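Input: a single structure, listed below in structure tokens.
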Amino acid sequence: MSQPIKFYNKSLIDQDESEASITITDATATNNGQDFVSFLRNRSNETAWITTGSNDAANTQIDIDLIASKAIDRIILVGHNLKAFTIQYYNGSTYVDFSTAINETTNSDSTTEFIFDSVSTSAVRVIITGTQTANDDKQVKQIIITTAIGQLTGWPQIKKPTTSLNKKAIKLLSGKVLSVRQRGFFSCQLSVENYNIDADMAIIEEIYFSFNGVLVWFNAGDSTQFSRTNIGFRSEDLYLMSAVDEYEPEHYKGLYQSGIKFKMNLTEVVK
């Protein structure tokens with residue numbers, strides 16, 4: 001079944017959360033990837049944490065220290081090759097399972113979301129016991145630890161999806177053009193002519209009035225709903241975004257008993 005857009009708070013181990021730390025333990029790797037742990041939290045799928053010389057017998061362990069106890073109810077592994085792994089949280093004295101235990105043995109997805117009852121914890125542990133191709137080095141592009149804002153029930157139209165590369169054309173003396181580009185950002189517009197779903201409007205208002213960006217997952221874990229998963233709509237595409245326009249809750253055709261007509265301009269942000 002198709003999945004509407006999902007929204008989350010910024011990851012608790014985002015690159016801005018400087019106090020949070022990640023420690024890797026691996027008994028067999030020639031390089032356990034400790035030098036690459038920043039890639040797990042930099043919001044980029046162009047880089048990744050990866051081991052060298054590890055194997056399935058290593059029981060590679062990723063310990064994530066949140067420093068202080070914080071509420072979480074979602075963990076998302078993005079761009080990974082893990083088949084068998086366990087994820088637990090620290091309850092103040094030991095590591096225990098979530099309400100829905102995360103103990104994968106046959107995973108074949110490259111981006112995986114785990115949903116569980118909210119807990120307060122200061123640490124999360126991932127133990128990897130197998131890769132999708134036996135004895136490959138482990139790879140993960142992002143680990144997102146967060147709380148859900150909500151998932152829409154309705155289906156706003158996604159207009160003007162743009163992956164900007166900040167291109168600039170510099171004309172040279174020869175007449176040729178030097179094209180310069182950067183990593184860029186993703187933006188789009190959500191549009192509805194007549195929206196009357198209260199729960200969805202509450203999510204939209206929270207996004208508008210949030211001081212921080214929110215994570216937006218257009219794919220929502222279901223790539224089959226698209227004829228082709230273009231950039232922005234792939235399973236690995238989660239963006240930290242904000243509404244950059246003003247909140248204008250205009251009633252449809254001016255009728256107070258009708259729904260709200262709105263256009264929300266979302267763009268990827270720094271924080």
Most packed first (mean Cβ within 10 Å per residue), the peptides 185-197, 252-264 order as 185-197, 252-264
Subtracting the Cα-Cα distance of residue 106 and residue 34 from 0.36 nm times their residue separation yields 23.3 nm
For the range 77-208, the per residue accessible area (1.4 Å probe, Å²) is 52 Å²
Sequence order, the range 55-64: Karplus ³J(HN,Hα) from phi using 6.51 cos²θ - 1.76 cosθ + 1.60, θ = phi - 60°, Hz rounded, Gly and Pro as x, gives 8, 5, 7, 6, 6, 4, 10, 10, 9, 10
Between the Cα axis of helix 198-209 and the main Cα principal axis of the chain, the angle (0 to 90°, nearest 10) is 80 degrees
Given (1) 26.2, 81; (2) 20.8, 69; (3) 19.6, 61 as possible values of Rg and Dmax of the Cα atoms in Å, the one from the coordinates is (2)
Ordered by number, the trypsin sites (Lys or Arg not before Pro) in the range 163-250 that occupy a DSSP loop and have at most 13 other Cβ atoms within 10 Å are 167, 176, 181, 183, 228
In whole percent, the fraction of accessible protein surface over the chain that belongs to carbon or sulfur atoms, probe radius 1.4 Å, stands at 48 percent
Of 133-141, 18-26, ordering from highest average Cβ density within 10 Å down gives 133-141, 18-26
A correct Kirkwood calculation over the Cα atoms of the range 183-270 returns a hydrodynamic radius in Å of 14.3 Å
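The values are calculated or read from the model by the stated rules, or taken from the named source; none is laboratory data. Quantities reported herein were computed from a predicted structural model and do not represent experimental measurements. Methodologically, a virtual Cβ is constructed for each residue, glycine included, from the backbone with ideal geometry; neighbour enumeration extends over all protein chains shown. To get the accessible areas, we keep the full protein, side chains included, count just its heavy atoms, and leave off ligands, DNA and RNA. Shrake-Rupley method; radii C 1.70, N 1.55, O 1.52, S 1.80 Å.
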